[in-house]
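Since the structure comes first, as C-alpha cells, the remarks are kept for the end.
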Amino acid sequence: MRIRPGIFILIIVVFGVLFGGRYAGWFGGRPNEVPFSGDTPAKSAARSSDFPANPPVSLPAPLPMVDGSKPGASPNAPPAGQPTPLLSVAGSADSANLIGDWEQRIDDVLVGKEEENQKAKRLLDLLPHLPEAGQVEAAQHLSNLLPDEEYPALAQTLTNAHTPEAVLDVLMTDVLNRPNAVKLTTLLEVARTPDHPKAEEARDVLEVFVDENYGDNWVAWESAVTNWLKENPDE
C-alpha cells in the first residue's frame, strides 16, 4: 500500500506542532516550584517571613559589680568625683629632711671655736638629720667630745632599736669605755629592749660583771647591776 505524499506531509506537520509546543513551554518559562509536603504556597510565604536571613543579636546587659562600681573600673579606684591619691613612699618624709651637705656641716662644728661640750651638743642636734654615713661619723666624734655627765642625751640613740646597726657598733664601743655607772645602766636598757640588734651582746657584757645570767628576769638583772655598782663604785 502506497502512502500518498499529501498524507505523509500532514503527519510531519502534526508532529512538528506537538513537539514545538512542548519545547516552547519548557524553555519559555520557569518550572513550577514544588512546595514542601503539607505546605500550601501561603504557608511557605509565611514560614520564610518568620525567619529573617540575618537576625539581630541582642547582648545581655552587663552585671553590676559587687561594690556598686562600674564594670571595668579598678577595684582600688577612688569614687567618682574624688582625685586619685598619690602613692606614698615609705621613708620619703624622713629622706626629705636629711642634710645633703652633712660633711661640711660636721666640719663646721669641729673647726669652730666653741668648747667641746658645745660642739657635742651641736652634733647631737645634727644627728637625727644625717644619713647613715653621717651618723656614723658624728657618733665617732661624739665618743671623743661628749662628757660622761652629758651621756644620757646620746644613750637614747644607743637604746633605740631602729638606729642603724653601723651607728650602734660605734656607740657600743663608746659605752664600753665609759665609767661603770654609765656603762652598766645603759647596757641594761639595751639588753631589755625588744628586737634590739645589740641586746644579746649587751646581756653578755652584763653577765661578765654580775657573774650571773638571769635570762628575761629584768628585775633580777636590775637588782644585780645595782648591787654590783654599790660594791664597785667608780673612782
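Using θ = phi - 60° and the Karplus relation 6.51 cos²θ - 1.76 cosθ + 1.60, list the HN-Hα couplings for the stretch 224-235 in order, rounded to whole Hz, with x at every Gly or Pro.
Each residue of the stretch 224-235 in turn: 5, 5, 4, 5, 5, 5, 5, 7, 10, x, 5, 6 Hz.
Looking only at Cα atoms, what is the convex hull volume of the stretch 116-190 per residue, in Å³?
Values: hull volume 5.4 nm³, N = 75.
Hull volume over Cα atoms, normalised by residue count, gives 73 Å³.
What is the distance in Å between the Cα centroid of the stretch 103-166 and that of the stretch 187-204?
Here the two parts' Cα centres lie 21 Å apart.
How long is the gain from VAL219 to GLN140 if the chain were fully straight, where each residue apart is worth 0.36 nm and the alpha carbon distance is subtracted? Before the final figure, lay out the partial values.
On the way: separation 79, 0.36 × 79 = 28.44 nm, distance 3.28 nm.
Stretched out fully, the VAL219 to GLN140 stretch lengthens by 25.2 nm.
Label point 7 Å out from GLU150 along Cα-to-Cβ: which residues of the stretch 96-125 have amide N under 19 Å?
It comes to 105-125, nothing else.
Give, as a single signed number, the net charge of other residues whose beta carbon lies under 12 Å from the beta carbon of LYS121, with Lys and Arg counted +1 and Asp and Glu -1.
Values: positive: LYS119, ARG122; negative: GLU114, GLU115, GLU116, ASP125, GLU150.
Overall, the nearby charge balance is -3.
Laboratory data are not the source of any read-out in this text; all were calculated from the coordinates shown. What you are looking at is a predicted structure, and each value in this text was computed from that prediction instead of being measured. As a convention, Cβ positions derive from the backbone with ideal geometry for all residues, glycine included, and neighbour counts pool all protein chains shown.
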